[in-house]
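Have a look at the structure below, then the notes.
The values are calculated or read from the model by the stated rules, or taken from the named source; none is laboratory data. Keep in mind it's a predicted model, so treat the numbers as computed, not measured. Neighbour counts are summed over all protein chains in view; Cβ atoms, including those assigned to glycine, are modelled from backbone coordinates with ideal geometry. Calculation scope for accessible area: heavy atoms of the full protein, side chains included, ligands and nucleic acids excluded. Shrake-Rupley method; radii C 1.70, N 1.55, O 1.52, S 1.80 Å.
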Amino acid sequence: MISWERDSDLVVADLMTLEPVVVQVTAGIEEAEALMHDRAVSGLPVVDELGELVGVISRTDVVEDGTIAMSTLLRRRPSGLRVGELMTSPAVTVSPTTPLRDAARLMRDSRIHRLVAVDDAGRAVGVLSATDFVELYADS
């Protein structure tokens with residue numbers, strides 16, 4: 001357990017989810033939804049065919065788009081939509097060594113619920129979500 005009393009020393013790597021589940025930019029939106037459901041997450045980094053980060057897809061992106069008819073959702077018929085059509089791009093990213101305080105400010109100022117931590121090559125190595133902050137303080 002991490003002590004919140006020294007949270008000014010914490011960095012993104014201390015709290016982020018390692019090896020995030022990613023989805024291909026060409027995947028169907030139903031595949032992204034299934035991944036989010038199965039992994040109990042509300043968003044996924046989106047990668048291209050080379051594994052490079054190109055965006056983020058969240059439940060909010062799917063719901064706010066409004067292009068998926070309720071009957072499609074209820075009957076689980078493929079919508080034909082691809083992740084790349086609904087994702088937020090570019091993804092807001094940080095380094096794993098970014099101080100948590102700076103990451104929190106970036107999330108607040110960008111009005112987002114997750115940041116993708118990337119390595120020097122720009123590959124997703126972790127995800128820091130608003131829930132991670134809640135868990136940090138709830139468990140202290």
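Key figures
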read-out	value
Largest to smallest accessible area among V22, V62 [probe 1.4 Å]	V22, V62
Neighbourhood net charge (13 Å Cβ-Cβ; Lys/Arg +1, Asp/Glu -1) for A124	-3
FRET efficiency estimate (nearest 0.05) - Cβ-Cβ, Y137 to S89, R0 35 angstrom	0.70
